[in-house]
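*Asks:* Below are the structure tokens for one structure; questions will follow.
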Amino acid sequence: MHKGYDLLGLAQRAGKAQSGETAAEAMIKKDKARLVIVAKDASEKTKRNFTTMASSRKIKWIEAGEKLLLGTALGRSPRSVVVITDDNFASRLHQLFGGEE
């Protein structure tokens, strides 16, 4: 499995990842999000909502993985959106999933 998914699982266990649309949106609105990961197979509406929300708040975002892979990495059901709340995890995941610096 891709190293990014392993690190995503570690972030989850460390309490530095929130997933699911409701939890992710809450973290973004509370300015706790450092990185927004949107699944490649999320609906166009979900992609648009979260990329717009992240961009307007100057939060890095990437489109990576599929819902099933993101959910599996987190030990949960399929997830369209994952928010990372720690700078170090966010920076490394951004690199691993090929985000632009």
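The values are calculated or read from the model by the stated rules, or taken from the named source; none is laboratory data. Here the structure is a predicted model, which is why all the values come from computation and not from measurement. Here the Cβ positions follow ideal geometry from the backbone for every residue, glycine too, while neighbour counts run over all protein chains shown. Ligands, DNA and RNA are stripped out before the accessible areas are found, and what is left, the full protein with its side chains, is counted by its heavy atoms. Shrake-Rupley method; radii C 1.70, N 1.55, O 1.52, S 1.80 Å.
*Asks:* Averaging sequence separations of C-alpha pairs under 8 Å and six or more residues apart, then dividing by the length of the chain, give the relative contact order as a whole percent.
*Replies:* Reported relative contact order: 39 percent.
*Asks:* While we're on this one: Just the number, please: percent antiparallel of the DSSP beta bridges in the chain, rounded to the nearest 5.
*Replies:* Of those bridges, close to 65 percent are antiparallel.
*Asks:* Once every DSSP H run of n ≥ 4 in the chain is given -39500 (n - 2.57) and the sum is divided by its residues, what mean residue ellipticity at 222 nm do you get, rounded to the nearest 500 deg cm²/dmol?
*Replies:* -15000 deg cm²/dmol
*Asks:* Ignoring ligands, DNA and RNA, what percent of the 1.4 Å accessible area of the chain is carbon and sulfur?
*Replies:* Taking all protein chains in place, the chain shows 46 percent carbon and sulfur surface.
*Asks:* Let me check I've understood the local charge: for F50, count other residues with C-beta under 9 angstrom from its C-beta, Lys and Arg +1, Asp and Glu -1. What total comes out?
*Replies:* Overall, the nearby charge balance is 0.
*Asks:* Taking the solvent-accessible surface of protein heavy atoms with a 1.4 Å probe, what is the per residue accessible area of the range 42-101 in Å²?
*Replies:* Averaged over the residues of the range 42-101, the accessible area is 55 Å².
*Asks:* What translational diffusion coefficient, to the nearest whole µm²/s, does the chain have by Stokes-Einstein, given a Kirkwood radius computed over alpha-carbon pairs, a temperature of 4 °C and 1.567 mPa s viscosity?
*Replies:* After rounding, the answer is 101 µm²/s.
*Asks:* Going through the range 23-101, which trypsin sites (Lys or Arg not before Pro) have at most 15 other Cβ atoms within 10 Å and a DSSP loop state?
*Replies:* K30, K32, K40, R57, K58, R76
*Asks:* Next up: Toward the positive end of the charge dipole of the chain, about the Cα centre and with charges on Cβ (Lys, Arg +1; Asp, Glu -1), which of L35, H94, Q18 goes farthest?
*Replies:* The Cα lying farthest towards the positive end belongs to Q18.
*Asks:* Taking the Cα centre of the chain as origin, work out the dipole magnitude from +1 charges on Lys and Arg Cβ and -1 charges on Asp and Glu Cβ, in debye rounded to 20.
*Replies:* 240
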